[in-house]
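The values are calculated or read from the model by the stated rules, or taken from the named source; none is laboratory data. In this text, all values refer to a predicted model and were calculated from it rather than measured experimentally. Because the Cβ atoms are built from the backbone with ideal geometry, glycine has one as well, and the counts that use them run over all protein chains shown.
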């Protein structure tokens, strides 16, 4: 059963900028949907909470409350599009909701965007990277199908996968890779980043030996058979387009058990400590990954966030805690500068935001809702942890 949790950081009895004679909500709410069944979902929620706490629970003089929904299903997928859809419907039906922080994944974004567009609610994602959410040429009817009113309401603070996939291929080339075996998990995210990697690798002269896929949470025999195919092909590199919880950990464990020296590269969806724990530090050692966010500890502009997060939660902040923090700060800024805290005014404020200086540096949204930053970083498992290697050129 879908459950909504309401976490009120600071609840004010009245919003000082309004009076009882109009229809403006007394409490302005930001709906936050994250896969809370995963550690990364909890970390991302922490980022949103930290931003609101630092703002004193307000956006200017407007009191703000978080409405939190869990978009992971303990009985099924760790990131559920169905629960995301339910969360979007709940948000649309609540007249006090003026912004929506989510979705975490591209498949979930696809399930929620049209609903929120019809409701005129600002949607800001800290991590959904499928290019077709904002750009044409990637899927049938995209991106128009997500904007039935014709008005753009969706924005994101991370580069999309055509940037990441191409950067990963360039990095593979500099690592001396001449042949690659590509696998994806059948999700929008997995197919997107792996598909761009394939095209880019071919353009760079890397020989694609095979391209196979599996459905999320595959049976052990499927993983075993796929690992055998990879091992028999003897590629220089295995590229796995997947994210945590869909079977990627199991595949890496199987192929590395067969060939400990096989070079493996994964995208940002696998850059989590839980992956190292699932596969085992020894088998993960040396594995490469790309990320659409530079680690917070490597960003001068994120120094204050880094220190505050560690102090508040007693742990290193992952990259997507940073982007969620940044997204929440953008929402608070929009509520603050809007003439009144309504859905339309908040959406207009983000659309006209211009340059924003925050923890990610100075950046702005383009007319499609994409962020101007395009830095992709490389990481490698070294000594059982994800280590920053550098920005991929």
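What to note about this one:
- Residue 6 being at pLDDT below 80, in a strand (DSSP E or B) and over 22 Å from the mean Cα position of the chain (by Cα): yes
- Considering only residues in the stretch 175-190 that are modelled with pLDDT of 95 or more and over 21 Å from residue 228 (Cβ atoms), the one that is surrounded by the fewest Cβ atoms within 10 Å (Cβ to Cβ) turns out to be 176.
- All of (1) surrounded by fewer than 17 Cβ atoms within 10 Å (Cβ to Cβ); (2) within 25 Å of residue 270 (Cβ to Cβ) hold for residue 118 with one exception: (2).
- If the condition is being more than 20 Å from residue 391 (Cβ to Cβ), under 19 Å from the mean Cα position of the chain (by Cα) and in a loop (DSSP other than H, G, I, E, B), then the stretch 153-181 contributes only 153.
- Of the residues screened, residue 303 is one that is surrounded by fewer than 20 Cβ atoms within 10 Å (Cβ to Cβ), over 14 Å from residue 226 (Cβ atoms) and in the same structural domain as residue 47 (by TED's automatic domain parsing).
- Residue in the stretch 317-337 that is assigned to a loop (DSSP other than H, G, I, E, B), within 21 Å of the chain's Cα centre (by Cα) and surrounded by fewer than 17 Cβ atoms within 10 Å (Cβ to Cβ) present: no
- Counted residues, the stretch 245-263 - those being surrounded by fewer than 22 Cβ atoms within 10 Å (Cβ to Cβ) and either in contact (Cβ under 8 Å) with a residue 40 or more places away in the chain or more than 17 Å from residue 221 (Cβ to Cβ) (or both): 5
- Test: residue 281 is over 21 Å from the mean Cα position of the chain (by Cα) and modelled with pLDDT of 95 or more: yes
For (1) over 19 Å from the mean Cα position of the chain (by Cα); (2) exposed (fewer than 15 other Cβ atoms within 10 Å of the Cβ); (3) closer than 24 Å to residue 162 by Cα; (4) not assigned by TED's automatic domain parsing to the domain that holds residue 133, each residue gets a yes or a no:
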position	(1), (2), (3), (4)
346	yes, no, no, no
352	yes, yes, no, no
368	no, no, yes, yes
385	yes, yes, no, yes
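- If you go through the stretch 225-246 and keep only what is touching a helix residue (DSSP H, G or I) at 6+ places or on another chain (Cβ under 6 Å) and more than 22 Å from residue 38 (Cβ to Cβ), you end up with 227, 230, 231, 237, 238, 239.
- Taking the stretch 87-106 as the range and being touching a residue at least 24 places away in the same chain (Cβ under 8 Å), surrounded by fewer than 24 Cβ atoms within 10 Å (Cβ to Cβ) and in contact with a helix residue (DSSP H, G or I) (Cβ under 9 Å, 6 or more places away or on another chain) as the test, the residues that pass are 89, 92, 95, 97.
- Test for residue 66: is it in contact with a helix residue (DSSP H, G or I) (Cβ under 7 Å, 6 or more places away or on another chain), crowded, with 22+ Cβ neighbours inside 10 Å and closer than 25 Å to residue 337 by Cα: no
- Among the residues making up the stretch 31-53, those that are out of contact with any helix residue (DSSP H, G or I) (no Cβ under 7 Å at 6 or more places or on another chain) and at pLDDT 95 or above are 41, 42, 45, 49, 53.
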